[in-house]
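*Asks:* Pasting a structure here, questions to come.
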């Protein structure tokens with residue numbers, strides 16, 4: 001019986017994901033472990049961590065790009081740029097509040113995504129790519145500091 005229910009749950013995962021999540025949550029809350037779709041549950045739990053990592057990388061990329069623009073094109077500074085910087089920092093703080101373990105990964109994420117931020121800054125400012133340093137010129141503490149601007 002439990003095997004049949006698990007097969008039905010696995011099928012539901014592919015055909016009606018929202019209903020699958022509701023039924024899995026109800027089974028967990030009710031302690032009905034024999035009805036759980038363990039394989040897909042494990043996959044979804046892993047994907048939550050990956051999602052948060054992607055979100056943090058994306059926020060850091062946008063933030064680094066705007067800090068570069070702020071640094072290398074001071075005559076074009078705007079409230080919009082400053083607002084974007086503040087918003088990215090606030091969203092990063094929220095991610096870190098929810099998942100503090102991600103903080104230790106920030107230096108690697110910056111190293112991984114800085115080149116994209118650099119290229120985007122060049123594209124948005126029309127400055128030559130060579131204008132921007134090949135290594136991130138900002139310390140992690142500076143990048144995350146609420147009021148710091150280069």
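Here, each number is a calculation from the coordinates, and none is a lab measurement. Quick caveat: nothing in here was measured; it's all calculated off a predicted structure.
*Asks:* Give the angle, between 0 and 90 degrees and rounded to the nearest 10, that separates the Cα long axis of helix 106-125 from the longest principal axis of the Cα atoms of the chain.
*Replies:* 60
*Asks:* If I build a Gaussian network model for the chain, linking alpha-carbon pairs within less than 10 angstrom, which residue out of 72, 13, 114 has the largest mean-square fluctuation?
*Replies:* Answer for the Gaussian network model of the chain: 13.
*Asks:* Please work out which option in (i) 0.94; (ii) 1.19; (iii) 1.04 gives Rg/Rh (Cα atoms, Kirkwood Rh) calculated from these coordinates, and answer with its label.
*Replies:* (ii)
*Asks:* Can you tell me how region 76-129 classifies by the Cα gyration tensor, rounded, prolate or oblate, using a/c under 1.5 as the rounded cut?
*Replies:* Since a/c reaches 1.5 but b/c is at least a/b, the shape of region 76-129 is classed as oblate.
*Asks:* Any idea what angle helix 2-15 forms with the longest principal axis of the chain, computed on alpha-carbon atoms, 0 to 90 degrees, nearest 10?
*Replies:* Compared with the principal axis, the helix lies near 40 degrees.
*Asks:* Related question: With n ≥ 4 as the cut-off for DSSP H runs, can you work out [θ] at 222 nm for the chain, using -39500 (n - 2.57) per run divided by the number of residues, rounded to the nearest 500?
*Replies:* Mean residue ellipticity, 222 nm, calculated: -24000 deg cm²/dmol.
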